[in-house]
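Below is one structure, written out as structure tokens; the observations come after it.
What follows is calculated from the coordinates using simple rules that are stated; it is not laboratory data. Quick caveat, the model's predicted, so the values are computed rather than measured.
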Amino acid sequence: MKFVSTRDPYTIVSFTQALFKGLAPDGGLYHPVEKPNLTDLLNRLDPQIPFIEIATRLTSELLGEEVSLESAGRICRKAFTFSPVLRATGDSIYILELFHGPSCAFKDFGASFLASSMEEFLQKEDRKAVILTATSGDTGSAVARAFHGKENIHVVILYPSGRVSTLQEKQLTTLGGNVIALEVKGSFDDCQKMVKQAFVDPDLCEKLTLTSANSINLGRLLPQSFYYVYAYSRVEKLDKKLYFVVPSGNFGNLTAGVLAWSWGLPVDGFIAATNRNDVVPQYLTTGIFTPRASIQTYSNAMDVGNPSNFERLKAIFNDDWKEMQSLIHGEVVTDEDTLKTISRVYREKHLFLDPHTAVGYLASERLLKRIGEGDDSVVVTLATAHPGKFLEVVEKATGVKPELPPTLKEALDLPKKSIPMGNKVEELKEFLLDTFL
Ligand SMILES: *Cc1c(COP(=O)(O)O)cnc(C)c1O
């Protein structure tokens with residue numbers, strides 16, 4: 001597989017290049033040039049096949065030009081020390097739990113694969129890299145956990161002092177080893193600006209290999225297609241229509257599923273489920289894409305007003321709105337309905353949903369109504385975070401406090417280690433050169 005920028009179809013790059021570049025130089029997102037046909041591979045999946053095996057086969061099939069089967073096995077074994085879990089809820093709705101990784105959210109799949117493939121390539125070439133990233137709380141922890149203990153890689157995370165939750169801060173600052181947390185006296189925007197300036201600083205770029213682990217990195221997108229195939233392997237024998245419902249913000253998760261479909265995964269439809277930040281559902285209805293400032297909701301990891309992966313989605317459909325609309329349907333869920341859904345599902349099924357998954361769950365129920373409840377359909381709702389990560393909202397809805405996941409509980413008891421820093425890039429630059437040169 002080769003890749004091009006969504007804004008330039010002529011400059012072709014390899015997976016390794018896309019992996020270490022992150023964003024294309026023209027500001028576009030890297031995207032596969034061709035659509036491989038995986039029908040043979042998909043037809044040979046056993047319903048008990050472990051997730052690692054699926055991941056390894058797909059990695060090798062997709063990236064075979066650059067990654068040997070042995071290498072693919074090593075990358076996936078190191079990355080996926082956890083697996084998705086497909087849970088039936090008693091009717092046509094299945095929940096694909098993607099929160100059994102180290103930071104208890106689906107972003108672990110992308111971050112872990114990114115980290116192990118970078119480690120694999122760096123070790124092979126005996127190179128070192130510094131991952132530099134800014135976080136407003138949540139995404140940083142998936143990255144920190146994924147890169148912790150990796151050879152040849154250091155991770156520097158900038159976060160705004162006093163503006164992340166205690167739990168988030170503990171997740172960022174208690175790992176130690178190759179993960180350094182910089183506690184910036186400033187806002188998240190300051191952190192992001194410092195990181196951006198560092199990336200274009202000629203002196204830094206010459207002396208260090210600076211890399212981002214941004215959510216738009218291809219190394220995070222591709223592995224997210226693996227769990228769609230996993231879910232398919234579990235329900236294929238039922239021989240029913242298959243729908244995926246994806247709680248969405250930046251639309252990386254949905255894009256990965258649609259990619260899998262474009263490679264031959266037999267999916268009958270996708271639901272783009274959003275909170276009130278609904279620019280993509282709007283586009284699906286009207287054909288007009290109008291980015292706007294995001295508004296705050298309970299499902300805050302989906303508070304995105306200008307989703308970056310929309311460019312990739314459009315590329316899959318050659319910018320044909322009608323084509324996209326025939327596969328993807330939008331559903332918008334308000335905060336009020338999110339709370340009601342968490343509360344009702346807890347009462348009726350004794351199941352805790354986090355606010356993001358609740359958006360997806362209600363969208364699944366609406367889909368079933370729309371297609372006539374159909375016994376001939378399976379609706380897989382992606383559960384993107386552990387309910388224990390969103391204690392306040394879940395408690396507000398159910399009156400009950402869900403358990404914190406064990407990996408998060410452990411972090412709470414460890415001592416915080418952070419390096420205080422001002423909000424100017426000069427200070428960051430000095431720190432990076434002193435530490436890594
Ligand atoms: C990031 C995130 C989402 C949104 O995923 P996208 O790929 O950005 O659409 C949904 N739920 C949770 C819990 C998340 O962390």
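Would you work out if the range 295-437 is rounded, prolate or oblate? Take a ≥ b ≥ c from the square roots of the eigenvalues of the alpha-carbon gyration tensor; rounded if a/c is under 1.5, else prolate when a/b is larger than b/c, oblate otherwise. Oblate, since a/c reaches 1.5 and b/c is not below a/b. Spatial offset of the range 286-362 relative to the range 124-177 amounts to 27 Å, using the alpha carbon center of each. In straight-distance terms, cross-link reach from K340 covers every one of the aspartates and glutamates whose alpha-carbon lies under 14 Å from its own, apart from those fewer than eight places away in the same chain; here that gives E348, D354, E365, E395. The mean of 1/r over all distinct Cα pairs in the chain, once inverted, gives the Kirkwood hydrodynamic radius of 22.1 Å. Checking the table K78/K207; K35/K369; K107/K170; K207/K417; K107/K314; K241/K322 against a 25 Å threshold on Cα-Cα, which pairs fail? Checking Cα-Cα distances, K78/K207; K35/K369; K207/K417 exceed 25 Å. Applying a threshold of 32 Å to the alpha-carbon distances of K21/K237; K150/K193; K193/K389 flags K21/K237 as lying beyond it.
Could you estimate the translational diffusion coefficient of the range 38-150 from the Stokes-Einstein equation, with Rh from the Kirkwood formula over C-alpha pairs, at 10 °C and 1.306 mPa s, in whole µm²/s? Intermediate values should be presented prior to the final figure.
On the way: Rh = 15.6 Å.
Reported coefficient: 102 µm²/s.
Would you work out if the range 132-224 is rounded, prolate or oblate? Take a ≥ b ≥ c from the square roots of the eigenvalues of the alpha-carbon gyration tensor; rounded if a/c is under 1.5, else prolate when a/b is larger than b/c, oblate otherwise.
Values: a/c = 1.43, a/b = 1.12, b/c = 1.28.
Because its axes are fairly even, with a/c under 1.5, the range 132-224 counts as rounded.
Hey, how many Å between the Cα centroid of the range 28-93 and the Cα centroid of the range 185-214? Here the two parts' Cα centres lie 32 Å apart.
Taking the DSSP beta bridges with both ends in the chain, the antiparallel portion is around 25 percent. Of the residues I271, I371, I288, the one that moves most in a GNM of the chain with alpha-carbon contacts below 10 Å is I371.
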